[in-house]
Every structure is written in C-alpha cells, then in structure tokens.
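To start, the structure itself, in structure tokens.
Taken together, the values in this text are just the output of simple stated rules run on the coordinates, not laboratory data. All values reported here derive from a predicted model rather than from experimental measurement. Here the Cβ positions follow ideal geometry from the backbone for every residue, glycine too, while neighbour counts run over all protein chains shown.
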Amino acid sequence: MKTEKKPSRLSLPKPALHRIYRIDEKIASGTYPNSGDLARMCETSISTISRDIEFMRDSLLAPIEYDHFKRGYYYSQKTFRLPAGFTGAENLLALGMAKSILSLYRETPIYEASVQLLESIIAPITSDGNRDWLENRIIVPKTASVKVQPEIWKTIVSGLKENRIITFDYFKAGDNDFQNRRIRPYQLLFDSGVWYLYGFSEERKAVRVFSLSRIKNAVLTKDGFSLPDNFDYNESAGNSYFGVFIGQEKNQFSIDFYEEVVLYTTERQWAADQKFTNTEDGVNIKFTSTQYDKVLRWVLSYGCNAIPRKPQKLVDDWKWHVKYMKKNGGA
C-alpha cells in the first residue's frame, strides 16, 4: 500500500524556534553534526531533528547539505546563518507592526514589493494564530493619501541613487499651468499621506519641495551632481516637527493653549527646543522654527483653545483668519 508523503511544515511552532537556532549554530561551526548529534544536543528525537532540517531547507532556504564521508551536515554557503532578528517574541511583534505601518505607503510603487518581502520573512516563523493576532490587532488606521505614478517614482529614485539631475513639469499651487523644473534630488519626504521630493532647484538657486502627485514628464538626465554637506531636510526645517515645509526665516514662537488641548499638546514633541510653562488657565509653549505656515495652520486647527502671542506676524495672521471666518459665517 502506497503511503502519502507528509507535507512540509508551513510554520514554525514556538517551542521549535530556539532549537532551530541551536541547529543553525552547530551546522555553521563546521563540525559536521549528524541527526544523532543534534538530537542529543537538543534533547529531542531524531525524527524531530529531521523535520527541523527539512523546514530549514524548504521554508528558511538554508543551504544544508549532507557529507557522506564526514557523515554530517554542513552549509554549502559557508557564510550562511539564519537571521538573528527573529529569536524572540518581541522581534516577531516588531515585524508584525512593521507590516501594519507599511499601509501608510499603500499608494506608492514600493508598497507591494515591501509587503511581499516582509511576508516572506514573517510567514515561515509564525503560526496561523500569531499571524491573525499580528494582522488584526495591531493596525495603522487609513489616512487620506495621494497616488504616486510608478514612472515618476522610478525616475526620482534613480536620480537619488545615482546623484543625477532630474527635469520635470510641475504644477504649483497658485500657478495657471505646469512649469518646467531642473532639480538636483536630495531626499524623498513623506507627510500625511503625501510624498515629496526635496532638492535643489537650478532655476531658483535654492532648495525646494515638490509634491510627487503634481509632477509629470519626469526625465533622468545624464548630468550628475555632488551632494552638499548640508543636504538634509531636517536642518532646513529648523529642528521643529510640523511635517514638510521649508521657511527661510527662523521665528521665536509663543502660543497659549487651553482646555482639552493642553493634554494633547504637552504630551508631544513639537520642536527640539520647546519649553512649556503653566499659566493661570492653561499652558504656554515657546520654541523656534522656520515652518511658519505649518505653525499658523496648527494654531488655527485648535480654534478658540489656542491663542498665539509671538511673533507679531503670527498674531496678525491669526486675527485676520478669525475675522475672515466670522465674516464668512455670517456672524
């Protein structure tokens, strides 16, 4: 009577994780251990070791071979070792969270490739129960996002990788039509569901930020460039953390917050030099930033529970918006 071959393991039981790494260590030592040696070392049966070896070959792609003269196992790729990052439950949790965070990049060409790569790492070492828990209990809520065209993404990434100038047509808010730009790409930035290119504009002779969704006809030129020492976007942002925005002037900000907004603002880091001071009926924050427009929107978003005190330009702009909203509201 013909017997059916048992299917290979699709996932690794938790108790086997430590044993798998002991087997990996022993084989990598070059001592050519056989199944009996490994069974005694792991205090288990030879049949269990055989299943472990099969799992390592088929699911973890370990290049395990058997030397009939030395009567033991060895790695055909001498430098091979199992990734050390999956030896603990905390690391499995981190991988599950990483997969969830990838959902932020769903509208970009890197999403599918990134998920497939992470899935190939997670799948062999998690049971079905663990996978359900990781995928259904740790999530990143969806946010409004802007789709990036694959050809635009590919051209920009090539420019970043090879330090080559890119030309493209760009539609800027307030313009009537697309304008051709010639840019030295420095960095890709991500903020609130939108991808941006940060680079040096040869037309403006200064760094600028471009939304990838407003770019068309991107071309990778043959012209190269050298990165300057101060190319990092974080330096241009003036060490404040309000997302993507570049300002030319650093301002000293002072803003009062009230009611339920106090807890929300004081538990977050908005700038490297922020300082909170309790007031009679709320809290005041002081910090420096070059991201003026972002700070103005931030203050306006809290309505009557945020009042700017400095700089005077912020106070005046805030009052103008309040007056304009009152006018449009018919009050």
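Remark: the stretch 14-82 carries a charge dipole of roughly 120 debye about the Cα centre, counting +1 on each Lys and Arg Cβ and -1 on each Asp and Glu Cβ. Taking the Cα centre of the stretch 219-277 as origin and assigning +1 to Lys and Arg Cβ atoms and -1 to Asp and Glu Cβ atoms, the resulting dipole is close to 140 debye.
The slack between Q179 and V140, meaning 0.36 nm per residue of separation minus the straight C-alpha distance, is 10.4 nm.
The residue list N251, T290, Y324 was ranked by how far each Cα lies along the charge dipole of the stretch 239-328 toward its positive end, using unit charges on Cβ atoms, and Y324 comes out on top.
Here the mean projected area of the convex hull built on the C-alpha positions of the stretch 129-271 is 13.0 nm². The label point for F190 and the one for T221, both projected 7 Å from the Cα toward the Cβ, are 3.0 nm apart. Working from label points 7 Å from Cα in the Cα-to-Cβ sense, the M41 to A113 distance is 3.8 nm.
Each Lys and Arg adds +1 at its Cβ and each Asp and Glu adds -1 at its Cβ; summed about the Cα centre, the stretch 150-235 shows a dipole of about 200 debye. S29 to I246: FRET efficiency via 1/(1 + (r/R0)^6), r the Cβ-Cβ distance, R0 51 Å, to the nearest 0.05? Computed FRET efficiency for S29 and I246 comes out at 0.40.
Per-residue extension of 0.36 nm, minus the Cα-Cα distance of Y258 and S50, leaves a gain of 68.3 nm for this segment.
A Förster radius of 22 Å, combined with the Cβ-Cβ distance separating Q269 from R309, puts the computed FRET efficiency at roughly 0.60.
Local charge for D273 was computed over the other residues whose Cβ lies under 14 Å away, with Lys and Arg +1 and Asp and Glu -1, and equals +3. With R₀ fixed at 51 Å, the C-beta to C-beta distance from D229 to T279 puts the FRET efficiency at about 0.75.
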